[in-house]
1. Answer with yes or no whether Ala215 is hydrophobic (A, V, I, L, M, F, W, C) and within 16 Å of the chain's Cα centre (by Cα).
2. Looking at this structure, is His142 modelled with pLDDT under 85, under 26 Å from Gly280 (Cβ atoms) and surrounded by fewer than 17 Cβ atoms within 10 Å (Cβ to Cβ)?
3. Please find, within segment 226-254, the residue that is nearest to Ala276 (Cα to Cα) out of those that are at pLDDT below 95 and among the small types (Gly, Ala, Ser).
4. With respect to the numbered conditions (1) modelled with pLDDT under 50; (2) within 22 Å of Ser144 (Cα to Cα); (3) surrounded by fewer than 16 Cβ atoms within 10 Å (Cβ to Cβ), which one is the sole condition not fulfilled by Pro52?
5. Being crowded, with 16+ Cβ neighbours inside 10 Å and either more than 22 Å from the chain's Cα centre (by Cα) or at pLDDT 90 or above (or both) is the filter here; which residues of segment 89-107 pass it?
Amino acid sequence: MPHLALTLELTGLDPAVAEETFFAAGALAVTLTDAADDAILEPLPGEERLWPRTVLQALFDAAEARPALLIDLAGQLGVPPTQLTMKVVADRAWEREWLKDFHAMRFGRRLWIVPHHEPPPADREAVVVRLDPGLAFGTGTHPSTALCLQWLDQGLEGGETVIDYGCGSGVLAIAAARLGARAVHCYDLDPQAAIATRDNAAANAVSDQIRIVEAPEALPRGANLLLANIISGTLCELAPSFARLLEPGAMLVLAGILDEQADEVMATYARWFHLAAWQGRDGWVVLAGRRTGASA
């Protein structure tokens, strides 16, 4: 049975209203995807986590769709009809069709992020994390996430206790667990991130190693490593909290930092940590270093 696929970039539109409008018009499925390779880092409290350029993709039964469907939807949403595109598509597994352009990626020597629709790499030493892109940020496509994954591949020895602060999809936590971390404690402001992390951990058979907490106060003190891939302003605010969580000698890895923000972040953390730029890519940098003996 053929279908009609309608696509709309949600520039200036409320995603919830647009989604409701498409479903009311008879859409069988609605998916929100990223129009570019943009970061979704730690949101502010109550903030909805979406990409700066979000595309809505809706699927309709071609046999039941009205001839004026596109014009009617454009009128209801207050956009020109040319902002919507329509094409006839064959019957396929639509819930996974949008994943077809997401492929396996390698980070460092052995760590791979592999979508569920692709076979694992043939390399016997490969450490595989099975993950599909979703609304909770973090699949390895953004430079900040990619750099963190590379750091884990190179820096994790196995047996560590890890904190993933701002866990998103759980990709860093799951990678740490797959690379041998004994326990990974995860926190994120967004409840959706907790759901995504829990589901992705189960899909990678590391649920026993991963603990998700609802409040930062529930994170344990004395971890060997704390990862935080969030925005620089929030990182600066969290410096005293991170210092209280980590004992002298513990490792801190910070990401979500633009090159021009690195000096400010390092200066903020200098009281408690010896941080330095580890690696950078496409204007983003990862800072890494150890906790000193200064009291928090």
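1. Details: hydrophobic (A, V, I, L, M, F, W, C): yes; within 16 Å of the chain's Cα centre (by Cα): no.
No, not satisfied.
2. no
3. Checking each candidate, the answer is Ser232.
4. Pro52 satisfies every listed condition except (1).
5. Hits for segment 89-107 are Arg106, Phe107.
The values are calculated or read from the model by the stated rules, or taken from the named source; none is laboratory data. All figures in this text were calculated on a predicted structure; none of them were measured in a lab. We place every Cβ from the backbone using ideal geometry, glycine too, and count neighbours over all the protein chains shown.
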